[in-house]
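Remarks on the structure that follows.
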Amino acid sequence: MNSINKNIIRGILISSYVIVTAFCIYGISALYSYLNTGADRSSMLHTELKKIDSYLPKINWAPLNNIGRPMDSTTLKAIEYDYLDAWYIKNLSYKKNSKQGIEDYYTKKARQNIYNTVDNNIAEDITIASTSLEHHPTLEFFSEDGQLAVITDYNVLEYKRVYKTGMLLYETTETSTYKIILLLEDGFWRIRHMIKQQTDTTEEKSNRNITQNIHIKGINYYPKETPWALFGNAFNIETIAEDFKMIKDAGLNSIRIFIPYESFGKANIRPEKLNKLKQVLDTAKNQELKVVITLFDFYGDYSVLNWTLTHRHAETLVTNFKNHDAIIAWDIKNEPNLDFESRNTSLVIAWLKQMITVVKSADPNHPVTIGWSNSKSATILKDDVDFVSFHYYDSLDNLESTFTSLKENIYNKPIVLSEFGISSYSGPWNLFGSSETKQANYHKKAQEILEKQNIPFMSWTLYDFNNIPKAVVGKLPWRRNIQKNFGFISTNGTKKMSFKYISKSRENK
């Protein structure tokens, strides 16, 4: 019996030894692996910085002709990354009134100026929402030991909104020149000195006049099976081609389509999305249809610190397709005035104004507009757009007077009615009802007014839809069901009575 007990104890001891040894070996192995893995700076530092999609201002280096050691492209790119990161973290610091992360991008002496500003802002209850939009640096000097770099950053375009006790105090757009000294410390380039040498707050006005006459007779377009998801997984160019032919045969000459910001890849646009957009534009060209591209669908952030991301998004899209024969205009955003209450009116308008500049800079040859949800907002930024667009879903009895009044305020630019229509839904969620007959009469009358006033137009929309995304009109069934039936063609593919009046040229056919 004793021998059995000894064997049991011996077995337990051996098993324990093996288990403890295994844990020790595993722990040593894990520690060795960790110590031999390169640290990611975004996890090392407490900056909330994400290199890929946090801050992407336009940056154009002057040709290298610096004093001192020759500069290689890898080192220059490292300087650029750390320099722009320093701008981002400074702007983030002023927005949050926090000193977190500053020491990672500024040396001890340089960071004190930022700390003083933060302390003063906290004391005065001031916050600053700011960003830099463009940089034009020149490398002046690179030391022989590779530890110091001097750059002059010319014409840095900055935008700032200054708040006191939560109220907007003022906003400004500045163009400044900075002299910067950077030191290489711990493998990172930190700012040692940053001196603003010159500031200009004067804004240049564009004198371009490229709109001339806008001959638009068109329609807003989504395929029947994929509303609000033209470029999604069910993308089918054959279906789109058939629809475009039908649109052309109906006497229309243009379509309006929408580019969702997030699903297209935000600042880093996905190549497969560009390819799908190209297919759509090529197909439109084949049918001799012109295309109004509406940017930033489902976008609603507008935060100043994120402006550079939206700028790169728009710049990529516009640059890729500015020479395509199908393009007739760029629509900055669909119904941005619906974001005024939730996102702050002045902030939305400031973002739109900057975005107009970005798009015009990328494509100087096509007009730019904004698709306002009503005529009341359509005068906003009227001097910045090339033609004015508004939507109209009120009674047709007031359409002529609405247009005439708008024309009195915008006498020197074309005006386009880029959305209008009426639902034929007559179910339980619309007790006073509509019908296909009422819809047809509506479009017949609308076409008479449009012809009389010579109003360029784009109706809403080609098809009825079986399903409407909740993100579009919300969850309320009376809104979703009405929205399903604005089309000229039913969900089973049958042309409704209103199709006869999809354009003036369709009447009596």
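List every residue pair whose Cβ atoms lie under 7 Å apart, where the two residues are 6 or more positions apart in sequence or sit on different chains, the first residue falls within segment 203-228 and is over 22 Å from S503 (Cβ atoms) and outside the structural domain of V472 (by TED's automatic domain parsing), and the second residue, located anywhere, is exposed (fewer than 11 other Cβ atoms within 10 Å of the Cβ) and modelled with pLDDT of 60 or more.
Partner pairs satisfying both residue conditions: I210/N365.
From W478, W460, which residue is out of contact with any helix residue (DSSP H, G or I) (no Cβ under 6 Å at 6 or more places or on another chain) and closer than 19 Å to G433 by Cβ?
W478
Would you point out the residue of segment 157-192, among those that are farther than 27 Å from Q354 by Cα and in contact with a strand residue (DSSP E or B) (Cβ under 6 Å, 6 or more places away or on another chain), that is surrounded by the most Cβ atoms within 10 Å (Cβ to Cβ)?
Restricting to residues being farther than 27 Å from Q354 by Cα and in contact with a strand residue (DSSP E or B) (Cβ under 6 Å, 6 or more places away or on another chain), the top hit is L182.
Looking at this structure, is K413 at pLDDT below 95, surrounded by fewer than 21 Cβ atoms within 10 Å (Cβ to Cβ) and in the same structural domain as M458 (by TED's automatic domain parsing)?
yes
Picking from K90, K108, which residue would you name as being among the charged types (D, E, K, R) and touching a residue at least 12 places away in the same chain (Cβ under 8 Å)?
K90
Collect the residues in segment 97-109 that are in contact with a helix residue (DSSP H, G or I) (Cβ under 9 Å, 6 or more places away or on another chain) and assigned to a helix (DSSP H, G or I), keeping them in residue-number order.
Across segment 97-109, the qualifying residues are I102, E103, D104.
Residues are listed down the side, and each one gets a yes or a no for (1) assigned by TED's automatic domain parsing to the domain that holds Y261; (2) within 17 Å of L396 (Cβ to Cβ); (3) touching a strand residue (DSSP E or B) at 6+ places or on another chain (Cβ under 7 Å); (4) of a type in the set (S, T, Y):
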residue	(1), (2), (3), (4)
K452	yes, yes, no, no
W460	yes, yes, yes, no
Y463	yes, no, yes, yes
N466	yes, no, no, no
V473	yes, no, no, no
L476	yes, no, no, no
K495	yes, no, yes, no
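Has segment 266-288 got any residue that is within 25 Å of P456 (Cβ to Cβ), surrounded by fewer than 19 Cβ atoms within 10 Å (Cβ to Cβ) and in contact (Cβ under 8 Å) with a residue 60 or more places away in the chain?
No, there is no match, as no residue in segment 266-288 is within 25 Å of P456 (Cβ to Cβ), surrounded by fewer than 19 Cβ atoms within 10 Å (Cβ to Cβ) and in contact (Cβ under 8 Å) with a residue 60 or more places away in the chain.
I195 is checked against (1) hydrophobic (A, V, I, L, M, F, W, C); (2) at pLDDT below 95; (3) assigned to a strand (DSSP E or B); (4) surrounded by 13 or more Cβ atoms within 10 Å (Cβ to Cβ) and fails just one. What number does that condition carry?
Condition (4) is where I195 drops out.
The values are calculated or read from the model by the stated rules, or taken from the named source; none is laboratory data. In this text the structure is predicted, and so the values were computed from the model without any measurement. Backbone-built Cβ (ideal geometry, glycine too); neighbour counts: all protein chains shown.
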